[in-house]
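Structure first, then comments.
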């Protein structure tokens, strides 16, 4: 038997939830350890085996100048680089800073702002280096993670669909919450992968898995307005875990502009 | 006792009908209220039925409503179709086990339950006959579908209500079923009376019907049942007609309406999932981490995803416009060439369950009204 391929798991700015998804695999993790050498996975062990690594799973977004350098080292050390989770694929919840002035936050939060080296924007891994596959989700699904590892091990294309949550919802036999109860739901523009967890409990989708392959956010927002949701709610809905994912970003910014224009009009008409 | 062809049964007799089917070994499926909608699921008792419920439907909108009577079949249609039982959205085709340097295929042994469906709407019966043609009628038969379909016992519930998005009248698929059922029920609810006119369509149906304790109908009861269905037909708000539909669509490949609908279409795939005749599937190979076993699964697919038309080099239908157009073109036009009839039965589910309420009858109407612009079939994307 040849040498086992080496697996590395890296972390940038993130909550570690995606790495935990891997640790949560438990039984299957043993199988992974049997097939791969878990060479670099600080969350699991501080023992480090030198690279290069055949497969690197990268969690987190790039938020500091140091990380913007480090991610290039990670790329150089990796044959296949898979970015995992909302942070690594879209900038994560911390990309909310991208819509504001981060220096202002720093001055408010930290006693000595000079010690803080933060980039103006939180960006996904693919903004900095070539990525072989992006696995979306906040956090990524355990099954999808195993599917990617399994596909890598057996030299096949991973089955990671880009279609919407609606497909999973219908497959599960859920009743559409938007149609049957008027509950706003991001499912039609959100990528499948979670198994339609929220609609199964009569909640609208929060968009944890980020944009689907062809998300028509404009049409969905118009529908949200028809069922009684305001512009502010639309901005907030698109501005969560995947706020900086291009289609979601554009949509929240469009409605933010509308709100700003409205506020301007109101202030000029009242003065 | 000679099995009767037509009987009047009381609502309570539906319990005997269910019992009689269960006794014969059927897995009985029928309408139940679940999560704000009428869906098809296991049925064991009369009480499971959506007694006294109806629905209000429009483009992208469905609401359950109370009726002021105790009708058993007083709703129209919910989001779930019978195809989920006959053609499940996910199914393992086979398994393979590593065997030294090679591998061994393990055939999937399926023993599907013997199904009895209670409350099949006439349009849905047509949909099942379309699936029969597609999945079991041609040269290549889907053995799983055939196994599930073969022993199926069908109890039709003719429509006394026209749902808000129904257009079966114009598609000639309802609101009453003429054949293809074991038993057909027409429910009559008036201020004074509540009964179901039951008609046996097969010997098996007559036998089961004979065990329900019904009585022979009088002329008045037969007339009232017929009138109920006629009234439902008259109340239908939508239509989609025209024997020229196929040619009209084929000529309208470059119609500007496709751009218009593409602006609204979410490409979420809901319409294809709730359509009773959309049958497309894809296959997925799954492997165990250790590589000891591999499985091939069949999974429901939708022409609204980019992967659906992915071949070497990319997706054939990369734009939402191309996907929506493909769906309608196939359903209403190419289907006729392929399977001898339209793929649409007028149930209106794609209208109700489209989150943004895109209406197939309206889209076709717009294409018809604005005439044909361009007949060029080039330039897919």
Inset, instruction - Enumerate the helices (runs of 4 or more DSSP H) found wholly within the range B:212-278, keeping only those where 2 or more residues are under 30 Å from residue B:23 (Cβ atoms) and more than 24 Å from the chain's Cα centre (by Cα). - result: B:219-234
Legend entry - Only one of B:208, B:215 that is closer than 25 Å to residue B:12 by Cα, in the same structural domain as residue B:153 (by TED's automatic domain parsing) and out of contact with any strand residue (DSSP E or B) (no Cβ under 6 Å at 6 or more places or on another chain): B:208
Legend entry - Matching residues, the range A:14-38, being more than 21 Å from residue A:48 (Cα to Cα) and facing chain B (nearest Cβ under 9 Å): A:28
Inset, instruction - Restrict the check to the range A:24-35 and report whether at least one residue is in the same structural domain as residue A:144 (by TED's automatic domain parsing), touching a residue at least 12 places away in the same chain (Cβ under 8 Å) and farther than 17 Å from residue A:142 by Cα. - result: yes
Legend entry - Enumeration of residues in the range A:150-190 that are in contact (Cβ under 8 Å) with a residue 40 or more places away in the chain, surrounded by fewer than 24 Cβ atoms within 10 Å (Cβ to Cβ) and not in a loop (DSSP other than H, G, I, E, B): A:152, A:153
Inset, instruction - Being more than 10 Å from chain A (Cβ to nearest Cβ) and surrounded by fewer than 21 Cβ atoms within 10 Å (Cβ to Cβ) is the filter here, so list the residues in the range B:75-99 that pass it. - result: B:85, B:91, B:92, B:93, B:94, B:95, B:96, B:97, B:98, B:99
Inset, instruction - Answer yes if at least one residue in the range A:193-210 is at negative phi, facing chain B (nearest Cβ under 8 Å) and part of a helix (DSSP H, G or I), and no otherwise. - result: no
Legend entry - Filter result (within 14 Å of another protein chain (Cβ to nearest Cβ) and part of a helix (DSSP H, G or I)) within the range A:217-234: A:217, A:218, A:219, A:220, A:221, A:222, A:223, A:224, A:225, A:226
Legend entry - Check on residue A:93, surrounded by fewer than 22 Cβ atoms within 10 Å (Cβ to Cβ), within 16 Å of residue A:60 (Cα to Cα) and away from every other protein chain (no Cβ under 14 Å): yes
Inset, instruction - Scan the range B:277-293 and report the pairs whose first residue is at the interface with another protein chain (Cβ under 10 Å from one of its Cβ atoms) and whose second residue is in a loop (DSSP other than H, G, I, E, B) and modelled with pLDDT under 95, with Cβ atoms within less than 6 Å and a gap of 6+ or a chain change. - result: B:284/A:159; B:287/A:154; B:291/A:154
Legend entry - Residue satisfying condition, being under 27 Å from residue B:302 (Cα atoms), free of Cβ contacts under 8 Å to residues at least 40 places away in the same chain and more than 14 Å from every other protein chain (Cβ to nearest Cβ), within set B:117, B:167, B:140: B:140
Legend entry - Qualifying residue in the range A:129-146 (condition: touching a residue at least 12 places away in the same chain (Cβ under 8 Å), crowded, with 17+ Cβ neighbours inside 10 Å and facing chain B (nearest Cβ under 9 Å)): yes
Inset, instruction - Search the range A:109-128 for residues being part of a helix (DSSP H, G or I) and within 20 Å of residue A:243 (Cβ to Cβ), and hand back the single one that is farthest from the other protein chains (Cβ to nearest Cβ). - result: A:109
Inset, instruction - Check every one of the strands (runs of 3 or more DSSP E) wholly within the range B:1-89 and list those with 3 or more residues that are within 18 Å of residue B:162 (Cβ to Cβ) and in contact (Cβ under 8 Å) with a residue 60 or more places away in the chain. - result: B:53-58
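The values are calculated or read from the model by the stated rules, or taken from the named source; none is laboratory data. The shown structure was predicted, so the numbers you read here are calculated from the model rather than taken from an experiment. Neighbour counts run over all protein chains shown; Cβ positions are idealised from the backbone, glycine included.
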